[in-house]
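As structure tokens, the structure follows; a few thoughts come after it.
We did not get these values from a lab; they are worked out from the coordinates using the rules stated. Remember, it's a predicted structure, so these values are computed and weren't measured experimentally. Here the Cβ positions follow ideal geometry from the backbone for every residue, glycine too, while neighbour counts run over all protein chains shown.
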Amino acid sequence: MQIIHGAGAWTPPPAGAADDWVENLRVPDLSVGTYCIPAGGTDGQSPHTEDEIYVVTAGRARIVTPEGASEVAPGAVIFVPAGEEHRFEDITEDLALLVVFGPAYGSRAPGR
């Protein structure tokens with residue numbers, strides 16, 4: 001067992017950065033991290049090679065995928081399959097997300 005302290009908690013991005021990603025745990029079959037975007041910020045991510053679950057722990061925004069868009073707030077759980085374009089937009093409150101990748105983030109990337 002391992003307790004992952006601070007996972008999903010809001011942390012302001014470093015000076016000059018649009019967002020903040022921190023990997024909190026990594027094992028071969030999954031990884032857990034925290035992704036934070038300030039209110040009015042920009043989500044610059046691109047599709048991932050792994051399946052992904054987001055749990056909104058703070059803030060409000062809209063997630064946009066080719067299938068549509070949805071407003072999200074604390075408690076929302078979002079599944080994004082590997083390879084699907086997705087982006088958080090209209091971030092009206094500092095957004096903090098607990099992120100789970102299966103398998104671990106980047107492990108399916110070409111060349112690995």
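Kindly put Thr11, Thr34 in sequence by how many other C-beta atoms sit within 10 Å of each C-beta, fewest to most.
Details: Thr11 13, Thr34 21.
The most exposed by this proxy come first: Thr11, Thr34.
Put in line by how crowded their Cβ is, counting other Cβ atoms within 10 Å and starting with the fewest, Asp43, Asp29 read Asp29, Asp43.
Measuring nothing but how far apart in sequence close Cα pairs (under 8 Å, 6+ apart) lie, relative to its length, segment 20-102 scores a relative contact order of 41 percent. Extending 7 Å from the Cα toward the beta-carbon at both Arg26 and Arg62 defines two label points whose distance is 3.5 nm.
Whole-Hz Karplus values for segment 7-12 come out as 5, x, 7, 4, 9, x Hz, taken residue by residue from phi with 6.51 cos²θ - 1.76 cosθ + 1.60 and θ = phi - 60°; glycine and proline positions read x. Counting other Cβ atoms within 10 Å as a rough exposure proxy, the listed residues Ser107, Ser70, Ser31 run Ser70, Ser107, Ser31 from fewest neighbours to most.
Net length available on complete extension from Val77 to Ile3 is 24.6 nm, with 0.36 nm assigned per residue and the Cα-Cα distance removed.
In this simple spin-label approximation, Thr49 and Ala69 carry label points 7 Å from Cα along the Cα→Cβ vector, and these lie 3.1 nm apart.
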